[in-house]
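The structure under discussion appears below in the form of structure tokens.
The values are calculated or read from the model by the stated rules, or taken from the named source; none is laboratory data. Computed from a predicted structure; not experimentally measured. Cβ placement follows ideal geometry from the backbone for every residue including glycine, while neighbour counts extend to all protein chains displayed.
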Amino acid sequence: TPTPTPTSYAVSFTPVPANMDDKVTVPTGYVAETLFSAGDAVVAGATAWTQGSYLTSAQTEQVAGGNHDGMHYYAIPNADANVRGLLVMNHELPDYNILFASKTYNAATASAEDKKIALSAVGVSVIEVSKGTNGQWAVNRTSTYNKRYTGNTTYRMGGPASGITGSTAIGTLNNCASGHTPWGTYLTCEESTDNYLDPTRPDNHYGWVVEIDPLNELAEPTKRTAMGRFDHENTAYLTDTNNRVAFYMGDDGTPGCIYKFIPSRAFSPSNRAANTDLLDQGTLYVARFNANGSGDWIELTQGKNGLVTGAIDPGNVSQGPVTPVTVDFNTQADVLINTKAAARVAGGTVMDRPEWITVAPDKTILCTLTNNSGRAVVDAVNPRIQNRHGHIVKWKETGDSPLATGFAWEILFLAGDPSLVTPANNLTGNINGDTMSSPDGIRVDPQGRLWVQTDHSVPGTSGVTGKTIEQVFGQNAMFYVDQATKRVQRFLVGPNGQEITGLAYTPDLTTFFINVQHPTGQWPEAGKEPRSSTVVVRRTDGKPVGA
Ligand code: FEO
Ligand code: CA
Ligand code: CA
Ligand code: CA
């Protein structure tokens, strides 16, 4: 059955033009204020970075890491969440320019102290934030909730693969996007399956979803191996009236599959402790997108769907001819550690780099497919060779159930620029309104408004002779998309060199938190090193963003 017609939501902002200014551009009537930058103090009493200083590893363990990415905003018990809460965010990579005089890092030649410093600048920050009487937000520097989880912290390994990986791992790494659970925990997603900062550590310790409780009431931080090991982007969940839940996950591989994980039992909405280790038992599925608009969830359980000893992995055939290899799936741990191969063996569809997934209030599920310039063989859901600008796919589960084994899908739009006419015509896209390349962050807010953030390469090629990607699309930006008309309106443009990623908000939607990752100019402070930062975007009239 086709997906139902979505609702249009009124938005009142005037779209901003594409630009290459070294600042955050927002619509008239809005302000963008820097809240939390790489090197800022997190733990009470920490020594913050200042221009020209280089902190020790003990000091960097207590300050904000770099490359702010996925994040979520949590209520604090007994506090008004519209003015005070916890912001929990990922640090995908270090901002090397503020860590080392050389501004770079080489794992092969780094000293033990350099290695520790680099590993301290990834992971997660938990900060308490509140709104002052002037409407401006600030970090509460003395909050006991403030905490860092880094590449030097010890994590518990949970789930079926822990028998092979061992019960603990040192460090979480490449903390890209993130998700949350109905019981108020944070899921930080590791986008790399190896440890590029310390290659001596075992590879099977990375590439997992890691559960952290910002309130520190439940289990210690745990890598949930039952959810599979791949280049995790984020997680998003769908629930039903019986409190069963499914978590949707993309593998930002070139190309990678889309997955869902269904815990074996219902969660408790009233007893947080009952959900401890809920993510250690369940079933992992991979999506197959059929040409007729239907889809299937294929179970990735050892002994089923070809996941046996001596299985034949066809490889990433979408990128061109590849020689199949034999892979042994003797146990479920083998399936979970080598999930990418298991998905291909079972018949999952390899997509044009799945980035974020979001579940809308009407239970529509959307996923950005950021780009895949190496695609050589197309299929219905990945219809463009050399897909330089990406697209967005959406689907509805059968019966809107998280337990469904089937779904109906369609493409929301192909990104690109309709003014670009090329012989291959694969750059054009079909966007109605402001154009974009390389959609990445995506989130439907509780009012049903769809927001998309971009990550096109900088510097990058547009595919059009004589034009850089920024000359065609401007700097990376954030857009509002009307789901009914598919009209796209540019809401915010980031400063030089960056990518916009990460979106969180207060329950009343009057405050949006947005991350600016790897700026290269003089933002956020003129005359100083650029630093990845969280910005608060709000309206000067105090009304909800977008409304
Ligand atoms: Fe870290 Fe796929 O973006
Ligand atoms: Ca991303
Ligand atoms: Ca990206
Ligand atoms: Ca990034």
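How many residues does segment 1-33 contain that are closer than 14 Å to R538 by Cα and at pLDDT 95 or above?
11
Please count how many residues of segment 303-326 are under 30 Å from K396 (Cβ atoms) and not aliphatic (A, V, I, L, M).
Of the residues in that region, 7 qualify.
Anything in segment 228-273 that is within 29 Å of S373 (Cβ to Cβ), away from ligand 2 (no atom under 16 Å from the Cβ) and not in a loop (DSSP other than H, G, I, E, B)? List them, or say none.
Result: Y259, K260.
Would you pick out the residues in segment 345-382 that are surrounded by 23 or more Cβ atoms within 10 Å (Cβ to Cβ) and basic (K, R)?
R353, R375
Go through (1) closer than 21 Å to N372 by Cα; (2) assigned by TED's automatic domain parsing to the domain that holds I411; (3) more than 16 Å from ligand 3 (Cβ to nearest atom) one by one and return the number of the condition T193 breaks.
Single failed check for T193: (2).
Which condition number does S264 fail, the rest of (1) under 20 Å from P402 (Cα atoms); (2) surrounded by fewer than 18 Cβ atoms within 10 Å (Cβ to Cβ); (3) touching a strand residue (DSSP E or B) at 6+ places or on another chain (Cβ under 8 Å); (4) touching a residue at least 60 places away in the same chain (Cβ under 8 Å) being met?
(4)
Exactly one of (1) part of a helix (DSSP H, G or I); (2) over 25 Å from I442 (Cα atoms); (3) in contact (Cβ under 8 Å) with a residue 24 or more places away in the chain is unmet by G315. Its number?
Of the numbered conditions (1) part of a helix (DSSP H, G or I); (2) over 25 Å from I442 (Cα atoms); (3) in contact (Cβ under 8 Å) with a residue 24 or more places away in the chain, the odd one out for G315 is (1).
Which one of these does N243 not meet: (1) touching a residue at least 60 places away in the same chain (Cβ under 8 Å); (2) crowded, with 17+ Cβ neighbours inside 10 Å; (3) at positive phi?
Condition not satisfied by N243: (2).
Being out of contact with any helix residue (DSSP H, G or I) (no Cβ under 8 Å at 6 or more places or on another chain), in a loop (DSSP other than H, G, I, E, B), at negative phi and within 16 Å of ligand 2 (Cβ to nearest atom), is that true of even one residue in segment 208-220?
no
Within segment 186-207, track down each residue that is touching a Ser or Thr at 6+ places or on another chain (Cβ under 9 Å) and outside any strand (DSSP E or B).
P202, D203, N204, H205, Y206, G207
Provide a single number: the residues in segment 336-377 that are of a type in the set (S, T, Y), within 25 Å of R449 (Cβ to Cβ) and not in a strand (DSSP E or B).
2
Right, I365: within 16 Å of ligand 3 (Cβ to nearest atom), under 22 Å from H180 (Cβ atoms) and either in the same structural domain as T309 (by TED's automatic domain parsing) or modelled with pLDDT of 95 or more (or both) or not? Spell out the reasoning first.
Values: within 16 Å of ligand 3 (Cβ to nearest atom): no; under 22 Å from H180 (Cβ atoms): yes; either in the same structural domain as T309 (by TED's automatic domain parsing) or modelled with pLDDT of 95 or more (or both): yes.
Judged against the criteria, I365 is not a match.
Out of Q453, Q475, which single residue is at pLDDT 95 or above, more than 27 Å from A287 (Cβ to Cβ) and of a type outside the set (A, V, I, L, M)?
Of the residues listed, the single one that is at pLDDT 95 or above, more than 27 Å from A287 (Cβ to Cβ) and of a type outside the set (A, V, I, L, M) is Q475.
For N140, indicate whether it is surrounded by fewer than 24 Cβ atoms within 10 Å (Cβ to Cβ), modelled with pLDDT under 95 and either in the same structural domain as T56 (by TED's automatic domain parsing) or more than 16 Å from ligand 4 (Cβ to nearest atom) (or both).
Considered against the rule, which asks whether it is surrounded by fewer than 24 Cβ atoms within 10 Å (Cβ to Cβ), modelled with pLDDT under 95 and either in the same structural domain as T56 (by TED's automatic domain parsing) or more than 16 Å from ligand 4 (Cβ to nearest atom) (or both), N140 comes out as no.
Could you pull out the residue among S419, S457 that is at negative phi, within 16 Å of ligand 4 (Cβ to nearest atom), surrounded by fewer than 21 Cβ atoms within 10 Å (Cβ to Cβ) and in a loop (DSSP other than H, G, I, E, B)?
S457
For segment 416-449, give me each residue that is under 18 Å from P354 (Cβ atoms) and either modelled with pLDDT under 95 or out of contact with any Pro (no Cβ under 9 Å at 6 or more places or on another chain) (or both). Before the answer, list the steps.
First, pick out the residues of segment 416-449 that are under 18 Å from P354 (Cβ atoms): 436-444.
Answer for segment 416-449, where residues must be under 18 Å from P354 (Cβ atoms) and either modelled with pLDDT under 95 or out of contact with any Pro (no Cβ under 9 Å at 6 or more places or on another chain) (or both): M436, S437, S438, P439, D440, G441, I442, R443.
This table checks each residue for (1) surrounded by fewer than 16 Cβ atoms within 10 Å (Cβ to Cβ); (2) away from ligand 1 (no atom under 16 Å from the Cβ); (3) within 21 Å of G542 (Cα to Cα).
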| site | (1), (2), (3) |
| --- | --- |
| L35 | no, yes, yes |
| D40 | no, yes, no |
| A46 | no, yes, no |
| W49 | no, yes, no |
| S53 | yes, yes, no |
| Q62 | no, yes, no |
| I76 | no, yes, no |
| V88 | no, yes, no |
| L99 | no, yes, no |
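Scan segment 460-482 residue by residue and report those that are within 16 Å of ligand 4 (Cβ to nearest atom), of a type outside the set (G, A, S) and out of contact with any Gly (no Cβ under 7 Å at 6 or more places or on another chain).
Within segment 460-482, M478 is the sole residue that qualifies.
Look through D455, D440 and report the one residue that is touching an Asp or Glu at 6+ places or on another chain (Cβ under 6 Å), under 23 Å from A246 (Cβ atoms) and of a type in the set (D, E).
Of D455, D440, the one residue that is touching an Asp or Glu at 6+ places or on another chain (Cβ under 6 Å), under 23 Å from A246 (Cβ atoms) and of a type in the set (D, E) is D440.
From the list I431, I442, I500, which one is in contact (Cβ under 8 Å) with a residue 40 or more places away in the chain, touching a Cys at 6+ places or on another chain (Cβ under 8 Å) and either within 16 Å of ligand 1 (Cβ to nearest atom) or at negative phi (or both)?
Residue meeting the stated conditions: I442.
Name the residues in segment 338-382 that are closer than 24 Å to V245 by Cβ and touching a helix residue (DSSP H, G or I) at 6+ places or on another chain (Cβ under 8 Å), would you?
A342, K363
Please state which one of T154, T104 is in the same structural domain as T188 (by TED's automatic domain parsing) and out of contact with any Ser or Thr (no Cβ under 8 Å at 6 or more places or on another chain). Give the derivation first.
Values: T154 fails: out of contact with any Ser or Thr (no Cβ under 8 Å at 6 or more places or on another chain).
Residue meeting the stated conditions: T104.
Take the residues of segment 307-330 that are out of contact with any Ser or Thr (no Cβ under 8 Å at 6 or more places or on another chain) and crowded, with 16+ Cβ neighbours inside 10 Å: which is modelled with the highest pLDDT?
Quick first cut of segment 307-330, residues out of contact with any Ser or Thr (no Cβ under 8 Å at 6 or more places or on another chain) only: 308-309, 314, 317-318, 320-327.
From the residues that got through so far, the ones that are crowded, with 16+ Cβ neighbours inside 10 Å too are 318, 327.
On the way: S318: 93, V327: 98.
Applying the filter and picking the extreme gives V327.
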